[in-house]
Amino acid sequence: MLLLKDEEVLVELERIDQAIGASETLLETLRRKRLKLDSHLDNRTRPTTVVSSTTTRRQPGVFYRGEFIVCRKTVRMHTTVLRRLWKDFPEQRDAMAAAMAACGYSRNYVARTREGLFDGFKSSSWVRRYSEDLVNGWYVDTNMSSRDLMQRVLRQAAKVVGLKWSEDIQIVWANS
């Protein structure tokens, strides 16, 4: 390997840092675009008729105000309900966020910044990995694997806007 002068090493390190920064920006842009495309497909393929709960019991998902949305993972159930609540009740977003935050000890579940989700307890790469855009400048914590916690958090948000759990919003687990 060639021996480089200190100045050349510093220049090369700066180039690498710039390339890493550009890559992270590109990755974030691609993630946002993927979310928009996913949302677009969800809207285009959403069933127009209400499906009864007996016909969908074989598939996991959520009933939201009479509509069944198939979600195979717990985190998708969580983000799907929150996206619907955030779109349907924009004037209640701050109140929902506050009610949900009361369920946790070290995170907010939704916030206006990614870093605000975890109050500085996690590294920026961890925060990027376990959060996504919710809607209109809000972000959601996607590190949600506990069914009980997810339901407790969503119940609080539903309660704020006057929706009834098990009537207006219902989680359907696989094999239930």
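The values are calculated or read from the model by the stated rules, or taken from the named source; none is laboratory data. As the structure is a prediction and not an experimental result, all values here were calculated from the model. For neighbour counting, all protein chains shown are included, and Cβ atoms are generated from backbone atoms with ideal geometry for every residue, glycine included.
Numbers at a glance
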read-out	value
Test set (1) within 13 Å of the chain's Cα centre (by Cα); (2) surrounded by fewer than 19 Cβ atoms within 10 Å (Cβ to Cβ) - Thr79 fails condition number	(2)
Filter pass, Arg15 being at pLDDT 80 or above and in a loop (DSSP other than H, G, I, E, B)	no
One residue from Arg65, Arg84, Arg112 being under 24 Å from Leu27 (Cβ atoms) and of a type in the set (Lys, Arg)	Arg112
Residue ranges of strands (runs of 3 or more DSSP E) in the range 117-173 with at least 2 members farther than 15 Å from Thr79 by Cβ	169-172
Condition broken by Val51, with the remaining ones in (1) within 27 Å of the chain's Cα centre (by Cα); (2) modelled with pLDDT under 85; (3) exposed (fewer than 11 other Cβ atoms within 10 Å of the Cβ); (4) within 29 Å of Thr142 (Cα to Cα) satisfied	(3)
Number of positions in the range 77-102 that are under 23 Å from Leu41 (Cβ atoms) and of a type in the set (A, V, I, L, M)	4
Which numbered condition Tyr139 misses (of (1) more than 20 Å from Glu24 (Cα to Cα); (2) at pLDDT 90 or above)	(1)
Boolean, Arg46 is touching a helix residue (DSSP H, G or I) at 6+ places or on another chain (Cβ under 9 Å) and either modelled with pLDDT under 80 or not assigned by TED's automatic domain parsing to the domain that holds Glu67 (or both)	no
